[in-house]
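To start, the structure under review is shown below, and the notes come after it.
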Amino acid sequence: MEYIPNILFVLILAAGIGYFTKNIRKVIRNIRLGKDVNRSDNKSARFKNMAKIALGQGKMTRRPVSGVLHIIVYIGFIIINIEVLEIVIDGILGTHRIFSFLGGAYDFLIGSFEILAFLVLVGVIIFWIRRNVIKIKRFWSSEMKGWPKSDGNLILYFEMVLMTLFLVMNAADLQLQAMGADHYVQAGAYPISQFISPLFEGISQGALIVLERSAWWIHIIGILVFLNYLYFSKHLHILLAFPNTYFANLKPQGELDNLEAVTKEVMLMMDPNADPFAAPAEDADEGEPEKFGASDVTDLNWVQLLNSYTCTECGRCTSECPANQTGKKLSPRKIMMDTRDRLQEVGDNIDKNGSFVDDGKQLLNDYISPEELWACTSCNACVETCPVNISPLSIILDMRRYLVMEESAAPSELNNMMTNIENNGAPWPFNQMDRMNWSNE
């Protein structure tokens, strides 16, 4: 009978980690549905990006208030969960505060955890106020209704409850230590929970043990629930921000990629010695791709799909977007949210059928409209401001490429410009012979 709690703990732990692993495998599978792209170059620069932007939160503090609060919550939540290691060992072995043999170092650790837990709790409450009382504009855009709005609040409630449970657990533990209760060793420093502990004076030892054990169990189960909730939440970025910043594009932001097949065609046209009717060499790469640009998520590359899962819906990209600021329909955040939603839909389709069965839908039109795509000015503001180096612009450009090259669906202004370039060698409707007339003025 005495081992039943340990066995129950191991079963819950195994179930939580197992379900999390299963879902993460789905995420990896879905990301791999994207086209291949090589991001293995310049490893030193990539590690530097990851260390500076993901680990060091280098771009968060460009907005000081939210940036500093986010760093506090980020550092606090990560460091506090170091104690999860002790909880896991205690749960498996049936011990209590197994690391208490560290003496003064243990006191310092627990004291630090408590201070950080309090700061995290304060930071999360401020985030909730900013989102729900002050109602900062970027949290109330049209795409942030329904589940995205609920998700943003749910994660804040999760963190409030977990930090509160941690402090209540310690406060009850401190009271039991003072009582000399069996199994509760004298260990740890409690700079925050020492102010909570007096609330439990007058409570019997048995009731305090029930309170402490309840907080302990709910805390660890809450952490496992939180871990598995990440798969369904925008907060998957907690894990994916690191690979996302590592695999981000290192090229200058203004440098656009060119399709190899189109580049070869242009080079052939510009080569006076080339024979356009010559058969391709046996060792030449394959000709034109099956599709120019992207109309669905499987036409995008795997880094773009990783971007969609990494988006935390903070809205900095949309708030910086000049098209959005002038009332256009475009929201870079919505582009990423739509891409992720469609990718998840495709993944669910594969789970249900074993392989993808055409559902009559695609990212273009069913999720993202041409109006949104053509509103983009390609200014890169969204890419520059993103805290984790996501590039909505790359998805927009690939989808516009599909509209132009596959559907000939460019706006009339662009079609006129391209016709002028083809006929006159310039975007303007002037005969080539007249192009230098301005110099005679």
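Take the stretch 151-201 and flag every residue that is of a type in the set (A, V, I, L, M, F, W, C), part of a loop (DSSP other than H, G, I, E, B) and under 38 Å from the mean Cα position of the chain (by Cα).
Of everything in the stretch 151-201, those that are of a type in the set (A, V, I, L, M, F, W, C), part of a loop (DSSP other than H, G, I, E, B) and under 38 Å from the mean Cα position of the chain (by Cα) turn out to be Ala189, Ile192, Ile196.
Under 9 Å between Cβ atoms, which residue pairs at least 6 apart in sequence (or on different chains) link something in the stretch 183-201 that is outside the structural domain of Ala171 (by TED's automatic domain parsing) with a partner that is of a type in the set (Phe, Trp, Tyr) and open to solvent by 30 Å² or more (accessible area, probe 1.4 Å)?
none
Kindly evaluate Ile129 against the criterion of being under 25 Å from the mean Cα position of the chain (by Cα), under 21 Å from Phe242 (Cα atoms) and not basic (Lys, Arg).
So Ile129 does not fit the description; no.
Quick one: which residue in Ile192, Ile209 is closer than 24 Å to Leu109 by Cα and open to solvent by 50 Å² or more (accessible area, probe 1.4 Å)?
Selected residue: Ile209, the only one of Ile192, Ile209 that is closer than 24 Å to Leu109 by Cα and open to solvent by 50 Å² or more (accessible area, probe 1.4 Å).
Can you confirm whether Arg435 is under 18 Å from Lys35 (Cα atoms), out of contact with any His (no Cβ under 9 Å at 6 or more places or on another chain) and not small (Gly, Ala, Ser)?
no
When you go through Met418, Met399 one by one, which is the residue that is touching a strand residue (DSSP E or B) at 6+ places or on another chain (Cβ under 7 Å), farther than 21 Å from Phe232 by Cα and in a helix (DSSP H, G or I)?
Only one candidate passes the filter, namely Met399.
In the same structural domain as Tyr157 (by TED's automatic domain parsing) and closer than 17 Å to Val185 by Cα: which single residue out of Gly91, Gly67 fits that description?
Answer to the check: Gly91.
Could you check, for the stretch 275-296, whether at least one of its residues is at pLDDT 80 or above, touching a helix residue (DSSP H, G or I) at 6+ places or on another chain (Cβ under 7 Å), open to solvent by less than 30 Å² (accessible area, probe 1.4 Å) and assigned to a helix (DSSP H, G or I)?
The answer is no; no qualifying residue exists.
Checking Val122 against (1) under 18 Å from Ile218 (Cα atoms); (2) surrounded by fewer than 17 Cβ atoms within 10 Å (Cβ to Cβ), only one condition comes out false. Which one?
Of the numbered conditions (1) under 18 Å from Ile218 (Cα atoms); (2) surrounded by fewer than 17 Cβ atoms within 10 Å (Cβ to Cβ), the odd one out for Val122 is (1).
Please work out if Leu55 is open to solvent by 30 Å² or more (accessible area, probe 1.4 Å), outside the structural domain of Ile221 (by TED's automatic domain parsing) and either of a type outside the set (D, E, K, R) or at negative phi (or both).
The answer is yes for Leu55.
Hey, among Ile368, Ile396, which residue is of a type in the set (Val, Ile, Thr) and touching a residue at least 60 places away in the same chain (Cβ under 8 Å)?
Going through Ile368, Ile396 in turn, just one is of a type in the set (Val, Ile, Thr) and touching a residue at least 60 places away in the same chain (Cβ under 8 Å): Ile396.
Look at Val225 and say whether it is among the aliphatic types (A, V, I, L, M), surrounded by fewer than 18 Cβ atoms within 10 Å (Cβ to Cβ) and modelled with pLDDT under 90.
No; evaluated as a whole, the condition is false for this residue.
Are any residues in the stretch 407-424 of a type outside the set (A, V, I, L, M) and open to solvent by less than 80 Å² (accessible area, probe 1.4 Å), and if so, which ones?
Scanning the stretch 407-424 gives Pro411, Ser412, Asn415, Thr419, Asn420, Asn424.
Collect the residues in the stretch 317-358 that are without any contact (Cβ under 8 Å) to a residue 40 or more places away in the chain and among the small types (Gly, Ala, Ser), keeping them in residue-number order.
Gly327, Gly354, Ser355
How many residues are part of a helix (DSSP H, G or I) and not polar (S, T, N, Q) if we restrict to the stretch 365-389?
Result for the stretch 365-389: 11.
For the list (1) modelled with pLDDT of 90 or more; (2) aromatic (Phe, Trp, Tyr); (3) loosely packed, with under 15 Cβ neighbours inside 10 Å, I need the number of the one condition that Tyr3 fails.
(1)
Is the stretch 103-121 home to any residue that is hydroxyl-bearing (Ser, Thr, Tyr), farther than 24 Å from Gln194 by Cβ and part of a helix (DSSP H, G or I)?
no
The values are calculated or read from the model by the stated rules, or taken from the named source; none is laboratory data. Keep in mind the model is a prediction, meaning the values are calculated, not measured. For neighbour counting, all protein chains shown are included, and Cβ atoms are generated from backbone atoms with ideal geometry for every residue, glycine included. All accessible areas refer to the heavy atoms of the entire protein, side chains included, with ligands and DNA or RNA removed. Shrake-Rupley method; radii C 1.70, N 1.55, O 1.52, S 1.80 Å.
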